[in-house]
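Structure record follows, encoded as structure tokens.
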Amino acid sequence: MITVKNLDKSYGSHEVLKDINCTIHDGEVIVIIGPSGSGKSTFLRCLNLLEKPTKGSIVVDDQEITDKKVNIDKVREKMGMVFQQFNLFPHKTVIQNICHAPTRVKKMNKAEAEKLGMELLGKVGLQDKRDVYPVTLSGGQQQRIAIARALAMQPEAMLFDEPTSALDPEMVSEVLAVIKQLAKEGMTMVIVTHEMGFAREVGDRILFMDHSQIVEENTPEKLFTHPQHARTKNFLSKIL
Ligand code: ADP
Ligand code: MG
């Protein structure tokens, strides 16, 4: 579904992504791990063109999204993104947060959008929060709403950038449970996380990034038990 070839990204003379190559198949869950500053967020942001790659190509469903002629908004609609900070609209209620993009961007009518919104709230276990404001919710609840909001655009893939890093520890599992459920349903996902148990459980493949490159990729089983590269071993020895 997504093919990345020879992707480079620089900020001035600072190379943040160096020759990234990667294929993500339909229904696959890719987990990206690696030290802070290795380029994980930048890579995710390139996948939905929040960052413009300096070189290389990204093909999504046979469409080269790195082509200058491409409609960036259409590309972003295909990829739901969830950030570490939930970024909900504070002055909108939960259901208004979820219905905003479907009604504005997809021109879905309000009743239809709210019906979908309620289904998605059911999926994340928060139907009773429909009319409250984000500030009244816990971090875990806000992140589940952010996931529902991204799903409301009916994306083909979901990108998660450290979705549990800003949460108190007791709220991590409720958010991971929602993501695990999406994996079961066959959603294509790319997830940056420091939750290694979760990575192992949910990932079809793990990519280890370090110093702007994908150093190693493998199944969770192999990568965690038999890392091939010294840098992977070193990273895992610090966190496991
Ligand atoms: P990670 O998510 O793995 O921690 P990032 O992709 O956020 O890494 O960042 C990789 C490198 O790119 C870091 O050195 C960071 O300082 C740099 N970087 C990220 N965004 C920008 C930007 N907008 N301008 C300049 N440098 C940036
Ligand atoms: Mg990051």
**Q.** Residue among M187, M171, M158 that is closer than 22 Å to F83 by Cβ and more than 14 Å from the chain's Cα centre (by Cα)
**A.** M171
**Q.** Residues that are within 16 Å of ligand 2 (Cβ to nearest atom) and either buried (at least 16 other Cβ atoms within 10 Å of the Cβ) or among the β-branched types (V, I, T) (or both), drawn from region 1-34
**A.** K9, V16, L17, I20, I30, V31, I32, I33, G34
Q: Using the structure shown, decide if G139 is within 19 Å of G80 (Cβ to Cβ) and surrounded by fewer than 20 Cβ atoms within 10 Å (Cβ to Cβ).
A: no
Q. Taking interchain pairs and intrachain pairs at least six residues apart, which have beta carbon atoms under 9 angstrom, with the first residue in region 100-120 and more than 11 Å from R149 (Cβ to Cβ) and the second small (G, A, S) and surrounded by fewer than 18 Cβ atoms within 10 Å (Cβ to Cβ)?
A. none
**Q.** Residues located in region 194-230, provided they are over 22 Å from S165 (Cβ atoms) and part of a helix (DSSP H, G or I)
**A.** E221, K222, T225, A230
**Q.** Inter-residue pairs, beta-carbon under 7 Å, first touching a residue at least 60 places away in the same chain (Cβ under 8 Å) and in region 198-227, second among the polar types (S, T, N, Q) and in a loop (DSSP other than H, G, I, E, B), 6+ apart
**A.** A199/T193; R205/T219; M209/S38; D210/S38; H211/S38; S212/S38
Q | Residue list for region 50-74, filter: aliphatic (A, V, I, L, M) and surrounded by fewer than 18 Cβ atoms within 10 Å (Cβ to Cβ) | A | L50, V59, V70, I72
Q: Determine, yes or no, whether N48 is more than 16 Å from ligand 1 (Cβ to nearest atom) and of a type outside the set (A, V, I, L, M, F, W, C).
A: no
Q) Looking only at region 121-163, which residues are assigned to a helix (DSSP H, G or I), more than 14 Å from V178 (Cβ to Cβ) and in contact (Cβ under 8 Å) with a residue 40 or more places away in the chain? A) P134, V135
(Q) Pairs please, first residue from region 17-39 and under 21 Å from V178 (Cβ atoms), second anywhere and among the charged types (D, E, K, R) and open to solvent by less than 60 Å² (accessible area, probe 1.4 Å), Cβ atoms under 6 Å, 6+ apart in sequence or on different chains. (A) I30/R205; I32/K40
Q. Just to be sure, is M171 touching a residue at least 60 places away in the same chain (Cβ under 8 Å), in contact with a Gly (Cβ under 9 Å, 6 or more places away or on another chain) and either of a type outside the set (K, R) or in a loop (DSSP other than H, G, I, E, B) (or both)?
A. no
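The values are calculated or read from the model by the stated rules, or taken from the named source; none is laboratory data. Keep in mind that this is a model prediction, so the values were computed, not measured. Cβ coordinates were reconstructed from backbone atoms using ideal geometry, including for glycine residues, and neighbour counts include every protein chain displayed. Ligands, DNA and RNA are excluded from the accessible area calculation, which covers all protein heavy atoms including side chains. Shrake-Rupley method; radii C 1.70, N 1.55, O 1.52, S 1.80 Å.
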